[in-house]
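What follows is a short report on a single structure.
The values are calculated or read from the model by the stated rules, or taken from the named source; none is laboratory data. Worth saying up front: this structure is predicted, and the values here are computed from it rather than measured. No Cβ is skipped: glycine too gets one built from the backbone with ideal geometry, and neighbour counts run over all protein chains shown.
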Amino acid sequence: MRLVSMVTDVAKGFGSLVGVRGGTEEPRYDVQEKIHGLEIRRYGPRIAAETTVPGGEESARSAGFRRLAGYIFGANVSKSKIAMTAPVSQARGPGDSWIVRFYMPSQSTMNTLPTPEEQNVELVEVAGETVAVLRFSGDRSRGTVDARSAELLRVLEKTAWFPNGEPVAWFYDPPWTVPFRRRNEVVVPVVAR
């Protein structure tokens, strides 16, 4: 049985190298519209574990990821493991900081999720929202995310949707995934004009 588990883990690791995401839950959504290369999606309410990390974008993403991974791998009061989901969300926070989020599995509730051991990890309820999404692969540096966010806002000007917040980056694959196979998105809440 242990050999089967090891083989499965190796297969998943190789799959993640080339962008295969089988078995990783993502928040459910309905596509409202596809227009000018964007998707307008409607997400229902969900729960996220989040942490705020000061510093540069990439170092904050790495530190935030490790902190949140610790929570889902058992750094919580009940020592419970929680399934990994995608995407990892990163948004500008107050001052020179970044907010990194993991969305919790869909069956989770605030009452069933364990309390984080680390003070810098908190569980938050995310309200349902309509968002505009621009998907891209490859590099996910600050410059690329800024350029894609600007493109998202520029394209939105040609639609019946108006941005209602700041763009956020979503990353679906681990950093070791070959760049051209990575799924990345920039997302902004929208309202109809």
Take GLU151 and decide whether it is crowded, with 18+ Cβ neighbours inside 10 Å, over 21 Å from ALA69 (Cβ atoms) and either in contact with a Phe, Trp or Tyr (Cβ under 8 Å, 6 or more places away or on another chain) or modelled with pLDDT of 95 or more (or both). no
What number of residues within the stretch 168-193 are of a type outside the set (S, T, N, Q), surrounded by 20 or more Cβ atoms within 10 Å (Cβ to Cβ) and under 17 Å from the mean Cα position of the chain (by Cα)? 9
Residues to consider are THR144, THR109, THR130; find the one that is among the hydroxyl-bearing types (Ser, Thr, Tyr), part of a strand (DSSP E or B) and farther than 15 Å from GLY64 by Cβ. THR130
Test result for ASP146, surrounded by 12 or more Cβ atoms within 10 Å (Cβ to Cβ), in contact with a Ser or Thr (Cβ under 7 Å, 6 or more places away or on another chain) and charged (D, E, K, R): no
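Please go through the stretch 92-113 and pick out each residue that is in contact (Cβ under 8 Å) with a residue 24 or more places away in the chain and either out of contact with any Asp or Glu (no Cβ under 7 Å at 6 or more places or on another chain) or among the hydroxyl-bearing types (Ser, Thr, Tyr) (or both).
The answer is GLY93, PRO94, GLY95, ASP96, SER97, PHE102, TYR103, MET104, SER106, SER108, THR109, LEU113.
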Determine which single condition ALA91 fails, assuming it passes every other condition in (1) under 24 Å from VAL131 (Cβ atoms); (2) surrounded by fewer than 16 Cβ atoms within 10 Å (Cβ to Cβ). (2)
One residue from VAL77, VAL53 being over 15 Å from the mean Cα position of the chain (by Cα), at pLDDT 95 or above and surrounded by 17 or more Cβ atoms within 10 Å (Cβ to Cβ): VAL53
Tell me, yes or no, whether the stretch 126-135 has at least one residue that is closer than 17 Å to PRO87 by Cα, modelled with pLDDT under 95, surrounded by fewer than 16 Cβ atoms within 10 Å (Cβ to Cβ) and not basic (Lys, Arg). no
Any residue at all in the stretch 146-167 that's over 16 Å from the mean Cα position of the chain (by Cα), aromatic (Phe, Trp, Tyr) and over 20 Å from ARG183 (Cα atoms)? yes
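Condition test on ALA75, is it within 19 Å of ASP173 (Cβ to Cβ) and touching an Asp or Glu at 6+ places or on another chain (Cβ under 7 Å)?
Criteria not met by ALA75.
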